[in-house]
Each structure stands twice: as structure tokens, then as C-alpha cells.
1. If I filter the range 46-67 down to residues being over 13 Å from LEU4 (Cα atoms) and of a type outside the set (D, E, K, R), which single residue comes out as nearest to the chain's Cα centre (by Cα)?
2. Looking at the range 44-58, is at least one residue touching a strand residue (DSSP E or B) at 6+ places or on another chain (Cβ under 9 Å), in a helix (DSSP H, G or I) and either open to solvent by less than 40 Å² (accessible area, probe 1.4 Å) or modelled with pLDDT of 95 or more (or both)?
3. Across the range 2-29, what is the number of residues that are without any contact (Cβ under 8 Å) to a residue 60 or more places away in the chain and of a type in the set (A, V, I, L, M)?
4. Identify the single condition in (1) touching a Leu at 6+ places or on another chain (Cβ under 7 Å); (2) on the phi < 0 side of the Ramachandran plot; (3) in a loop (DSSP other than H, G, I, E, B) that GLY19 does not satisfy, given that it satisfies every other one.
5. In the range 66-114, which strands (runs of 3 or more DSSP E) lie fully inside it and hold 1 or more residues that are of a type in the set (Phe, Trp, Tyr)?
6. Please verify whether GLU34 is open to solvent by 70 Å² or more (accessible area, probe 1.4 Å), at pLDDT 95 or above and of a type outside the set (Phe, Trp, Tyr), treating the condition exactly as stated.
Amino acid sequence: MTDLILKYLSLNNQVKISGFGIFYQKDSPAFYDETTAALLPPGKELFFTVDFDLKDNEFARFFAGQKNMTIGESEAKILETANYWKSTLENNKELEIPELGNFYVNDTELVFKGKRLITHNPDNFGLEEVNLSQLKKSTFTEISSEPNDYKKSTNKVWWLLFILPAAVIIYYATQNPELIFGKKSFPQPNKIKSNPVSKKDSLKNKTVKMDSVSLKNTQNAQK
């Protein structure tokens with residue numbers, strides 16, 4: 001019954017339930033639901049007007065076409081459901097109809113709190129329910145992760161600033177060491193000049209050697 005009521009409401013703004021009353025829908029603006037901490041987009045909200053003496057067969061015709069039954073059978077099914085709803089209200093003072101809303105009796109007045117319906121209106125296309133509690137958590141997670149990302153990026157920059165100059169220094173140290181270390185400051189050792197032996201001294205040595213040899217020979221002959 002609930003599915004057929006919602007389907008009928010998607011085609012019409014209201015549905016008349018014989019022996020119970022009229023469900024109708026109105027445009028509802030976006031609003032913040034405190035109970036679910038969610039921001040709801042524009043949609044449709046259900047309302048109800050009680051009328052236990054209502055008689056109408058429009059919904060019965062729709063019901064019969066959907067269930068492949070006669071109008072009499074559909075009217076009997078709708079009346080049976082309406083009587084069940086009324087008896088539940090009389091006994092429990094409240095009634096919940098899934099996907100439609102909640103009824104409760106306040107003194108002698110019947111109060112209905114209808115559900116919000118998801119619509120496919122082109123004006124609201126793309127708008128979805130936003131859970132603010134989850135949004136806060138995700139935002140906090142993104143903010144808390146930013147310092148770690150910042151540390152990682154700064155570490156990479158410092159490594160880059162260290163590696164590049166080191167590579168340049170190594171290159172020039174191997175190719176052009178004078179650009180880094182400068183020219184050699186050690187003086188070249190002075191060449192030691194050797195004084196040539198004069199020919200006169202060599203002749204004197206030869207004369208001395210010859211005299212000593214002749215002297216030894218003379219001594220040997222005398223012996």
C-alpha cells in the first residue's frame with residue numbers, strides 16, 4: 001500500500017484514501033536537520049488531512065490497475081488498510097506508516113509528521129543531502145595531515161639544496177681543481193749548480209799518481 005501511495009503521489013500532488021483521509025505534498029526548502037546533523041536539499045514534504053468519512057475511487061482505480069484486480073477488490077483492500085490504521089491509533093495512540101510518516105494523538109487531535117520525499121525536479125538536480133558531522137571529520141583530517149605533508153616537502157627541498165652544490169663541487173674538483181683550490185703556492189726548488197772540476201786540478205792528480213808509481217818502481221829495482 002505504501003509503495004502505491006508514493007507512486008501515485010509522484011504523478012499527483014495528493015492521494016485520497018477512502019475511510020481515512022488525504023495525503024498531499026508541498027515543496028520544502030533546504031533546511032538543517034538537528035536530529036541527524038544533516039543539511040537537506042529542497043524537496044517535497046508530506047502532509048495529511050484526516051477524514052474518516054471520505055469516499056473516493058480515484059486511487060482505487062490506480063490500485064486496481066497496478067495489481068491487476070477489479071475496482072471492487074481494490075476498494076475492499078484500501079478500506080481494510082484504513083480500518084487497520086484507525087484501530088492502531090485507537091489502541092496505541094500512535095501509528096507509524098513506513099516512508100510516509102508518524103501519527104499520534106494529542107488529547108483528541110490527530111497529529112501527523114510527514115516524511116521528506118526525494119524528488120527528481122530539474123531545479124534540484126545534483127543537490128544531495130550533506131552530513132555536516134562527516135564533513136567536519138573529513139575537514140579536520142585534511143587539516144591535520146597538512147603539517148606532515150609540509151614536513152615531507154620541506155625535507156625534499158633541503159635534500160635538493162644539499163645535493164646540487166655538492167655535485168657542482170665534485171665536478172669542478174675533478175675537472176678544474178684550480179677554480180676551487182686556487183693555484184699552487186709552493187715555490188719551485190732552486191737548481192743546484194755544480195762547479196766543474198778544472199783541468200788543472202785533474203792534471204795535477206795525474207802527475208801525482210804517475211810520480212808515485214815511478215817512485216815505487218825505483219824502490220823495487222834497488223831491492
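1. Residues of the range 46-67 that are over 13 Å from LEU4 (Cα atoms), as a first pass: 46-57.
Checking the rest, the ones that are also of a type outside the set (D, E, K, R) come to 46-50, 52, 54, 57.
On the way: LEU46: 37, PHE47: 41, PHE48: 44, THR49: 48, VAL50: 50, PHE52: 55, LEU54: 55, ASN57: 54 Å.
Only one residue fits best here, namely LEU46.
2. Checked the range 44-58: at least one residue is touching a strand residue (DSSP E or B) at 6+ places or on another chain (Cβ under 9 Å), in a helix (DSSP H, G or I) and either open to solvent by less than 40 Å² (accessible area, probe 1.4 Å) or modelled with pLDDT of 95 or more (or both).
3. Number of matching residues: 3.
4. Exception for GLY19: condition (2).
5. Because the criterion is at least 1 residues that are of a type in the set (Phe, Trp, Tyr), the strands (runs of 3 or more DSSP E) in the range 66-114 that meet it are 101-106, 109-114.
6. no
Here is a yes/no grid of residues against (1) surrounded by 12 or more Cβ atoms within 10 Å (Cβ to Cβ); (2) at pLDDT 95 or above; (3) among the charged types (D, E, K, R):
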| position | (1), (2), (3) |
| --- | --- |
| PHE63 | yes, yes, no |
| GLN66 | yes, yes, no |
| THR70 | no, yes, no |
| GLU75 | yes, yes, yes |
| ILE78 | yes, yes, no |
| ASN83 | yes, yes, no |
| LYS86 | yes, yes, yes |
| GLU90 | no, no, yes |
| PHE103 | yes, yes, no |
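The values are calculated or read from the model by the stated rules, or taken from the named source; none is laboratory data. In this text the structure is predicted, and so the values were computed from the model without any measurement. For neighbour counting, all protein chains shown are included, and Cβ atoms are generated from backbone atoms with ideal geometry for every residue, glycine included. Side chains are part of the model used for accessible areas, which takes the heavy atoms of the whole protein and leaves out ligands, DNA and RNA. Shrake-Rupley method; radii C 1.70, N 1.55, O 1.52, S 1.80 Å.
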